[in-house]
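Comments concern the structure below.
The values are calculated or read from the model by the stated rules, or taken from the named source; none is laboratory data. Model, not experiment: these values are computed from the prediction. Note that we place each Cβ from the backbone using ideal geometry, even for glycine, and neighbour counts take in every protein chain shown. When the accessible area is computed, the model is the full protein with side chains, heavy atoms only, and any ligands, DNA or RNA have been set aside. Shrake-Rupley method; radii C 1.70, N 1.55, O 1.52, S 1.80 Å.
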Amino acid sequence: MSVAEPQWKAVYPDSVAGREPRAVRTRMLAVTAGLLLSAGAVFVLAIGILTLFQARRLYSACATRLSRSVLWLYGIDLQIHGAPPWPAGQNVYVSNHTSTLDIFILVALGFPNTRFFLSGFLRRIVPLGIISSMMGTFFTVPQSRPDERRRIFARATRILRRTGESVYLSPEGERVTTGYVGHFNKGAFHLATELRAPIVPLFIYIPPEIDPKRGVDARPGTVHVHVMAIVPTRDWLLGDLVANTARVRDRFVRFQLERESLACL
């Protein structure tokens, strides 16, 4: 049975009253972050040439430091509840997806030996495209192209089964800005079932006074990353994919309900 959906307007409002736009600050930080990412892309590419593009973990470590630098630039601290150390072995990391900041937060966490799934349109941002490609990222296409998505996930499954690497992907797909957990796509759970790899659920809470949502106007503050209980998948079957997807989504909804209850005390 699914958990009742929470009402999140009070705890996770879509906008913050009194938050005045600061255009000059926003533009200056965006330009500085862009220059930082561009320099990082050139640096990682140079290392790639020197290492004959055979040192993916090194490129990922550089990307982790770069992401932490971007968060530092914006004055954003990460507070992780429940880890590290991250669990050993091959894992499938999943999280909610609410903000432009998510990509920097997730890479900054420094998951060991982990690849990422990323929306293919982000390759148009050249520095991100270079760095993410060097990291061995799997680029996805929209849900409206199901045959191509299946081929991408099938290829990723073959690679991950061979390498034993972990992987991160968001089952929500596009960012959700309405304040509650959105629809979960089945791809992450199909992948976990095929790999027999445990799922590590992460709930990212970005306070609304910090969160740029879909823009770049992030403000200083602390982002909380909650590492929830690991979900074993060794006994999962593809025939139960819909039910297992709903079960994991319910964990996120329950977590939000608990946060709402605590916030109202």
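Listed values, structure above:
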read-out: Of residues in the range 79-91 being within 22 Å of Ala188 (Cβ to Cβ) and touching a His at 6+ places or on another chain (Cβ under 9 Å), the one surrounded by the most Cβ atoms within 10 Å (Cβ to Cβ); value: Ile80
read-out: Hey, Phe189 over 22 Å from Ala63 (Cα atoms), in contact with a Leu (Cβ under 8 Å, 6 or more places away or on another chain) and open to solvent by less than 20 Å² (accessible area, probe 1.4 Å) or not; value: yes
read-out: Matching residues, the range 34-53, being touching a residue at least 60 places away in the same chain (Cβ under 8 Å) and small (Gly, Ala, Ser); value: Gly34, Ser38, Gly40, Ala41, Gly48
read-out: Qualifying position, being modelled with pLDDT of 95 or more and of a type outside the set (S, T, N, Q), among Gly173, Gly164, Gly179; value: Gly164
read-out: Check on Phe116, among the aromatic types (Phe, Trp, Tyr) and surrounded by 20 or more Cβ atoms within 10 Å (Cβ to Cβ); value: yes
read-out: Close pairs (7 angstrom Cβ cut-off, 6 or more residues apart or separate chains): under 17 Å from Gly221 (Cα atoms) in the range 99-117, aromatic (Phe, Trp, Tyr) and open to solvent by less than 20 Å² (accessible area, probe 1.4 Å) anywhere; value: Leu106/Tyr168
read-out: Hey, Ile105 assigned to a helix (DSSP H, G or I), at pLDDT 95 or above and over 11 Å from the mean Cα position of the chain (by Cα) or not; value: no
read-out: Near pairs, Cβ below 7 angstrom, 6+ apart or cross-chain, from the range 71-95 (on the phi < 0 side of the Ramachandran plot) to any residue that is in a loop (DSSP other than H, G, I, E, B) and β-branched (Val, Ile, Thr); value: Ile76/Ile210; Pro87/Ile230
read-out: In the range 72-99, residue nearest to Arg249 (Cα to Cα) [restricted to those that are of a type in the set (Phe, Trp, Tyr) and outside any loop (DSSP other than H, G, I, E, B)]; value: Tyr93
read-out: Criterion violated by Ala246 - all others in (1) at pLDDT 90 or above; (2) part of a loop (DSSP other than H, G, I, E, B) satisfied; value: (2)
read-out: Qualifying residue in the range 250-257 (condition: more than 20 Å from the chain's Cα centre (by Cα) and at pLDDT below 90); value: yes
read-out: Search result, residues across the range 121-149 that are surrounded by 16 or more Cβ atoms within 10 Å (Cβ to Cβ) and among the small types (Gly, Ala, Ser); value: Gly129, Ser132, Ser133, Gly136
read-out: Check on His190, outside any loop (DSSP other than H, G, I, E, B), out of contact with any Gly (no Cβ under 8 Å at 6 or more places or on another chain) and within 30 Å of Gly34 (Cβ to Cβ); value: no
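For (1) within 26 Å of His224 (Cβ to Cβ); (2) assigned to a helix (DSSP H, G or I); (3) over 16 Å from the mean Cα position of the chain (by Cα), each residue gets a yes or a no:
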residue: Leu36; (1), (2), (3): yes, yes, yes
residue: Ile47; (1), (2), (3): no, yes, yes
residue: Ser67; (1), (2), (3): yes, yes, no
residue: Val70; (1), (2), (3): yes, yes, no
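Here is a yes/no grid of residues against (1) among the charged types (D, E, K, R); (2) crowded, with 18+ Cβ neighbours inside 10 Å; (3) out of contact with any helix residue (DSSP H, G or I) (no Cβ under 9 Å at 6 or more places or on another chain):
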{"residue": "Ile49", "(1), (2), (3)": "no, no, yes"}
{"residue": "Cys62", "(1), (2), (3)": "no, yes, no"}
{"residue": "Asp77", "(1), (2), (3)": "yes, no, no"}
{"residue": "Val107", "(1), (2), (3)": "no, yes, no"}
